[in-house]
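J.: Quick one: the structure is below, and I'll ask about it shortly.
Every number in this text was worked out from the coordinates using simple rules, so none of it is lab data. Bear in mind that the values here come from a model prediction, so they are computed numbers and not experimental data. Virtual Cβ from ideal backbone geometry, glycine too; neighbours counted across all protein chains shown.
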Amino acid sequence: MAGGFLLSYLGVTVDAFAISGGVLLFIASVPMLFGHRPGLQAPERSEERAAGEDIAIFPLAIPLLSGPGAITSVLLLTNQARGDLVRLALFAVVIAAVYTISWGVLAAGDRVMARLGQGKVHIITRVLGIILAALAVQYILSGLAGFYATLIGAK
C-alpha cells in the first residue's frame, strides 16, 4: 500500500496516524455536539458575513468530505484489509456510494433543510456529533492499543 509506505518512510506508524486522526475528528465533533456553527460554514440567510469573508473560497463540505478525518478513515480501513482484493473492492464501492449520496444531499441541501426544518436539523447534527465523537475516541483507543502492543512486543 502506497500510503503505508509513505507513513513508514516518514517514521509514522498507523497507530500514530489513528491517534492523530481521532483527535482531529473529535475536534470536528465538538461544535456539532454543542450546536455551534463553524466559522467557515455558510451563514444563515438572516446572518451577516464579516467583511472580506467569502464562503465560495473555502466551502465547508470540501474539508469534511476529503479532509483529515476522511483520509485517516481511508488509510486505517485499507490497512485493515491487508491486501484482500475483495475487501478493497468493497471498500471502493462503499466510498463511491458515500460520495454519490453526499453529492445528492449537497445538491438538494436547501430542499432538505426546508423539509426537515431547523429543529430537526439541530437534533440530527447533535446526534451525528455524538457518533463522530465516539468514532474519534475509538480511533484513539485503537491507536493506543496498537501502540501499547508494539511497546510490549506483541505486535
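J.: When both residues are 6+ apart or on different chains and their Cβ atoms are under 8 Å apart, which pairs have a first residue that lies in the stretch 105-119 and is farther than 13 Å from residue 65 by Cβ, and a second that is of a type outside the set (S, T, N, Q) and in a helix (DSSP H, G or I)?
T.: Once the first residue is farther than 13 Å from residue 65 by Cβ and sits in the stretch 105-119, its partners that are of a type outside the set (S, T, N, Q) and in a helix (DSSP H, G or I) give 112/105; 113/121; 116/124.
J.: Moving to a separate point now. List pairs: first in the stretch 80-97 and touching a residue at least 12 places away in the same chain (Cβ under 8 Å), second surrounded by 11 or more Cβ atoms within 10 Å (Cβ to Cβ) and in a helix (DSSP H, G or I), Cβ under 8 Å, 6+ apart or cross-chain?
T.: 91/77; 91/78; 91/81; 95/74
J.: Within the stretch 79-129, can you find the residues that are within 20 Å of residue 35 (Cβ to Cβ) and among the aliphatic types (A, V, I, L, M)?
T.: Scanning the stretch 79-129 gives 105, 112, 113, 114, 116, 121, 123, 124, 127, 128.
J.: Now, a different point. Give me the pairs: first residue in the stretch 124-144 and free of Cβ contacts under 8 Å to residues at least 60 places away in the same chain, second residue loosely packed, with under 13 Cβ neighbours inside 10 Å, beta-carbon distance under 6 Å, and six or more apart or on different chains, which are they?
T.: Close Cβ pairs satisfying both conditions: none exist.
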